[in-house]
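So the structure is just underneath, and the comments pick up after that.
The values are calculated or read from the model by the stated rules, or taken from the named source; none is laboratory data. Just so it is clear, the model here is predicted, and its values are computed rather than measured. Note that each Cβ is placed from the backbone with ideal geometry, even for glycine, and that neighbours are counted across all protein chains shown. The area values use the complete protein model at the heavy-atom level, side chains included, leaving out ligands, DNA and RNA. Shrake-Rupley method; radii C 1.70, N 1.55, O 1.52, S 1.80 Å.
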Amino acid sequence: MAFLKYFKLFLHSTKYVQFDASTKYNKFFSSGAVLTSNENIYPNVKTFKHQHITLISLNRPDDKNALNVATLDDLRKAITNFENDSSSTIAVLYGEGGSFCAGIDSDELSKASHIYDEFLQSYCQKPIIAAVSGFAYNFGFDLCLWCDMRIVEENAVMAIDRKLNISKSKIFLKRLLKTVGYSRTMDLLLTGRDVNSKEAFECGLANRVVACGSSVGQAVNMAFNIGKFPQQSINFDRSIIHKIISK
């Protein structure tokens, strides 16, 4: 009964300033009755298995989880392992240390940009929910839209940083256009301004806005509910949507 009480508090609490997987996650999910498989740690990405849910975290908190070639490689491996795990039906993607992903390392921009474009052209074979805290800039913004849904914390911001002299990928622009429409797409694309959580929800970038520090717990809660449905029909319908978007 004590575990159920703490688990419910974890899912619905609005008191956390940050979600730190190394402490809070272990506190509530370290019991063998709950954590159904071992934690996997790549150099820059960590994964946890909780019943039918796989949690994937970008693990470069000192750099606000900015991407580089090594992190992209680790993320691809984590996604592939999730797709190949028949016991896991849905994933939650988030960033360690209070930020989702602040873009890409500037010194690796020329190398990582092409690799990341290839990543965006693919899509996950199973549902994946982004738990967005802090910054979701540039490629972090792209990564949010790559996911099926976005649970966004109150203080989170999304943006395209126009100070970087790079063009956005075609697939990102398609996803953004289909999500927010022509006028707002041009606004965000040309101005590079921050989008706060309230506007993100109003224009469809955010599916839910939640208290600071609770996005991962709320995403896990949503993943439980989605996992109750027949997954074969869900994944078939998802594949149709992705085919439409990719045309």
Odd one out for Glu154 among (1) touching a helix residue (DSSP H, G or I) at 6+ places or on another chain (Cβ under 6 Å); (2) farther than 23 Å from Ile90 by Cβ; (3) buried (at least 17 other Cβ atoms within 10 Å of the Cβ): (3)
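Scan Arg193, Arg184, Arg238 and give me the residue that is basic (Lys, Arg) and in contact (Cβ under 8 Å) with a residue 40 or more places away in the chain. It would help to see each step written out before you state the result.
Values: Arg193 fails: in contact (Cβ under 8 Å) with a residue 40 or more places away in the chain; Arg184 fails: in contact (Cβ under 8 Å) with a residue 40 or more places away in the chain.
Result: Arg238 is the single residue among Arg193, Arg184, Arg238 that is basic (Lys, Arg) and in contact (Cβ under 8 Å) with a residue 40 or more places away in the chain.
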How many of the residues making up the stretch 157-182 are more than 17 Å from Leu120 (Cβ to Cβ), open to solvent by 40 Å² or more (accessible area, probe 1.4 Å) and not charged (D, E, K, R)? 2
Out of all the residues in the stretch 221-247, which are more than 15 Å from the chain's Cα centre (by Cα), of a type in the set (A, V, I, L, M, F, W, C) and either within 23 Å of Val132 (Cβ to Cβ) or surrounded by 21 or more Cβ atoms within 10 Å (Cβ to Cβ) (or both)? Phe224, Ile226, Ile234, Ile241, Ile245
Every residue from the stretch 62-79 that is open to solvent by 30 Å² or more (accessible area, probe 1.4 Å) and more than 15 Å from the chain's Cα centre (by Cα): Asp62, Asp63, Val69, Ala70, Asp73, Lys77
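Of all residues in the stretch 125-140 being assigned to a loop (DSSP other than H, G, I, E, B) and touching a residue at least 60 places away in the same chain (Cβ under 8 Å), which is surrounded by the most Cβ atoms within 10 Å (Cβ to Cβ)? Outline the logic, then answer.
Of all residues in the stretch 125-140, those assigned to a loop (DSSP other than H, G, I, E, B) come to 125-127, 133-134, 138.
Applying the additional criterion that residues be touching a residue at least 60 places away in the same chain (Cβ under 8 Å) yields 125-127, 133-134.
Details: Gln125: 15, Lys126: 19, Pro127: 21, Ser133: 28, Gly134: 23.
Looking at residues that are assigned to a loop (DSSP other than H, G, I, E, B) and touching a residue at least 60 places away in the same chain (Cβ under 8 Å), I get Ser133.
Would you confirm whether any residue within the stretch 83-98 is within 23 Å of Met149 (Cβ to Cβ), loosely packed, with under 15 Cβ neighbours inside 10 Å, within 16 Å of the chain's Cα centre (by Cα) and modelled with pLDDT of 90 or more?
Going residue by residue through the stretch 83-98, those that are within 23 Å of Met149 (Cβ to Cβ) are 83-98.
Subset that is loosely packed, with under 15 Cβ neighbours inside 10 Å: 84, 86-87.
With within 16 Å of the chain's Cα centre (by Cα) added as a condition, the list becomes none.
No, the stretch 83-98 contains no residue that is within 23 Å of Met149 (Cβ to Cβ), loosely packed, with under 15 Cβ neighbours inside 10 Å, within 16 Å of the chain's Cα centre (by Cα) and modelled with pLDDT of 90 or more.
Kindly provide the set of residues from the stretch 37-47 that are closer than 19 Å to Ser133 by Cα, assigned to a strand (DSSP E or B) and either without any contact (Cβ under 8 Å) to a residue 40 or more places away in the chain or of a type in the set (A, V, I, L, M, F, W, C) (or both), ordered by number.
At the first step, the residues of the stretch 37-47 found to be closer than 19 Å to Ser133 by Cα are 44-47.
Now drop any that are not assigned to a strand (DSSP E or B), which leaves 45-47.
Once the filter is applied, which keeps residues that are closer than 19 Å to Ser133 by Cα, assigned to a strand (DSSP E or B) and either without any contact (Cβ under 8 Å) to a residue 40 or more places away in the chain or of a type in the set (A, V, I, L, M, F, W, C) (or both), the stretch 37-47 yields Val45, Thr47.
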Count, please, the residues in the stretch 191-220 that happen to be under 12 Å from Ile129 (Cβ atoms), surrounded by fewer than 21 Cβ atoms within 10 Å (Cβ to Cβ) and of a type in the set (S, T, N, Q). 1
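Looking only at the stretch 199-209, decide whether some residue is at pLDDT 95 or above and β-branched (Val, Ile, Thr). Lay out the reasoning, then the answer.
Step one: filter the stretch 199-209 for residues at pLDDT 95 or above, giving 199-209.
If we keep only those that are β-branched (Val, Ile, Thr) too, we end up with 209.
Yes, the stretch 199-209 has at least one match.
For the stretch 57-87: of the residues being in contact with a helix residue (DSSP H, G or I) (Cβ under 6 Å, 6 or more places away or on another chain) and not in a helix (DSSP H, G or I), which is farthest from Met222 (Cα to Cα)?
As a first pass, look at the stretch 57-87 and keep what is in contact with a helix residue (DSSP H, G or I) (Cβ under 6 Å, 6 or more places away or on another chain): 57, 59, 61, 67-69, 72.
With not in a helix (DSSP H, G or I) added as a condition, the list becomes 57, 59, 67-68.
Details: Ser57: 17, Asn59: 23, Leu67: 26, Asn68: 30 Å.
Only one residue fits best here, namely Asn68.
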